[in-house]
Amino acid sequence: MSEQVICIGCGVTIQTEDETKVGYAPPSALERDPIICQRCFRLKHYNEVQDVSLTDDDFLNILHGIGQADGLVVKIVDIFDFNGSWLPGLHRFVGKKDVLLVGNKVDLLPKSVKHEKVTRWMRQTARELGLQPRDVFLVSANKGDGMKEVMVAIDEYRNGKDVYVVGCTNVGKSTFINRIIKEATGKGNIITTSYFPGTTLDMIEIPLDDGSALYDTPGIINHHQMAHFVDKKDLKVITPKKEIKPKVYQLNEQQTLFFGGLARLDYVSGGRRPFVCYMSNELFIHRTKREHADELYERHLGELLQPPRKSYCEQLPPLVAHHFTLKEPKTDIVFSGLGWVTCHEPGAQVIAYAPKGVGVMLRKSLI
Ligand code: GDP
């Protein structure tokens, strides 16, 4: 091919020679309009994902490039997996550039939650993590809630300059940008979106009407998210799609909760108290006595305790124990990508288990 052709789905340069490499499209695809690569085509029409390889180094290069450029940075996080989707290095690259922090998937939070409280929490947590956003927003890119406000703010803060949208995979960055394109031009769904993390390659340039552009940067894969340890079907189970209905368990000491077979919480000591679980409504939670928990896991992983499904159990890394003493009046025990459990009153001793490699942490309660 003499002329460079860009996939309208993911932004990669189209090539017609090697089917195993990114950007492949069969020659016949070049006659279609718009042109999309085979990967995006499959994703769009068959909901099927091919592996992509964006290394951490590639991503650092992209961040470095953004650091050098002049413009506004829009950082998207998944409000359901705030810390897991944070992109820890970003603040070192943005320098003096304005950053707008956007928490996506607000539709998942229970309706009773006050948005103001969440944005205050986001602002404070961002500061603790080293980032001083110029402004903070909550949106549902899927549903469109809050999008108008963000678009107005983007236009105001960019001051005629370019916009760089960054976020780790699966935060809903493509959905967010698709929505902007739709609102701005009336054309929807030209960037690929999927359940599977890691599906947006290369920077996509979206022209803005004053000659500047909005750039969609590829999402970095955050290896600590549960999403990387389960297969596609199970990912659908653990990814909440609707407003989360918190499940409350009054636990006695020495009781255990299993979250499918993917995570486990042992309540060691601290007297009878409530534990409120914020996870996908479809995820099965099983309560048992702590003394039976090991045996139950051994015998029923992949059956009673699923996901993972039986055929995928062997690929799940072993559960690792994280010991915590809770000190805040309200603490969230966070299982990266799976959700969190809120514990009221300080003083409880718990052990949180997650597959080796999946982040588990405490934070001041979000809700
Ligand atoms: P990307 O990897 O950051 O580009 O993320 P995608 O746009 O592909 O979205 C990842 C997943 O999150 C998909 O399953 C989307 O349907 C879902 N998603 C995106 N935006 C929202 C939202 O506002 N609310 C909810 N509940 N899910 C969303």
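The values are calculated or read from the model by the stated rules, or taken from the named source; none is laboratory data. Predicted model only: the values in this text are computed from it and were never measured. Heads up, the Cβs are rebuilt from the backbone with ideal geometry, glycines too, and the neighbour counts pull from every protein chain shown. Remember, those area values only see protein heavy atoms, side chains included, never the ligands or the DNA or RNA. Shrake-Rupley method; radii C 1.70, N 1.55, O 1.52, S 1.80 Å.
Mind counting the residues in the range 294-317 that are farther than 27 Å from Leu108 by Cα and either assigned to a loop (DSSP other than H, G, I, E, B) or of a type in the set (Gly, Ala, Ser) (or both)?
Result for the range 294-317: 3.
Determine which single condition Glu291 fails, assuming it passes every other condition in (1) out of contact with any helix residue (DSSP H, G or I) (no Cβ under 8 Å at 6 or more places or on another chain); (2) closer than 15 Å to Thr256 by Cα; (3) assigned to a strand (DSSP E or B).
Exception for Glu291: condition (3).
Among what's in the range 147-159 and is open to solvent by 20 Å² or more (accessible area, probe 1.4 Å) and of a type outside the set (Val, Ile, Thr), pick the residue that is farthest from the ligand (Cβ to nearest atom).
Per the stated criteria, the residue is Asn159.
Would you check if there is a residue in the range 253-272 being in contact with a strand residue (DSSP E or B) (Cβ under 6 Å, 6 or more places away or on another chain), of a type in the set (Val, Ile, Thr) and part of a strand (DSSP E or B)?
Yes, because at least one residue in the range 253-272 is in contact with a strand residue (DSSP E or B) (Cβ under 6 Å, 6 or more places away or on another chain), of a type in the set (Val, Ile, Thr) and part of a strand (DSSP E or B).
Say we look at the range 77-103 and pick out the residues that are within 14 Å of the ligand (Cβ to nearest atom) and over 9 Å from the mean Cα position of the chain (by Cα); which of these is modelled with the lowest pLDDT?
Leu87
Any chance the range 60-76 includes a residue that's open to solvent by less than 10 Å² (accessible area, probe 1.4 Å), within 15 Å of the ligand (Cβ to nearest atom) and either modelled with pLDDT under 90 or not assigned by TED's automatic domain parsing to the domain that holds Gly211 (or both)?
No, there is no match, as no residue in the range 60-76 is open to solvent by less than 10 Å² (accessible area, probe 1.4 Å), within 15 Å of the ligand (Cβ to nearest atom) and either modelled with pLDDT under 90 or not assigned by TED's automatic domain parsing to the domain that holds Gly211 (or both).
Determine the pairs where a residue that is over 19 Å from Ile244 (Cβ atoms) and in a loop (DSSP other than H, G, I, E, B), located within the range 75-90, has a partner that is near the ligand (Cβ under 9 Å from one of its atoms) and modelled with pLDDT of 90 or more with Cβ atoms under 9 Å apart, the partner being 6 or more residues away or on another chain.
Nothing qualifies.
Criterion first (touching a Cys at 6+ places or on another chain (Cβ under 8 Å) and either assigned to a loop (DSSP other than H, G, I, E, B) or over 30 Å from Ala25 (Cβ atoms) (or both)) does Trp121 satisfy it?
When the stated conditions are applied, Trp121 does not pass them.
Given the options Val276, Val320, name the one that is part of a strand (DSSP E or B), surrounded by 14 or more Cβ atoms within 10 Å (Cβ to Cβ), of a type in the set (Val, Ile, Thr) and more than 16 Å from the ligand (Cβ to nearest atom).
Val276
Pairs, please: C-beta under 7 Å, at least 6 apart or cross-chain, first residue under 13 Å from Gly144 (Cα atoms) and among the charged types (D, E, K, R) and in the range 166-181, second assigned to a helix (DSSP H, G or I) and within 6 Å of the ligand (Cβ to nearest atom)?
none
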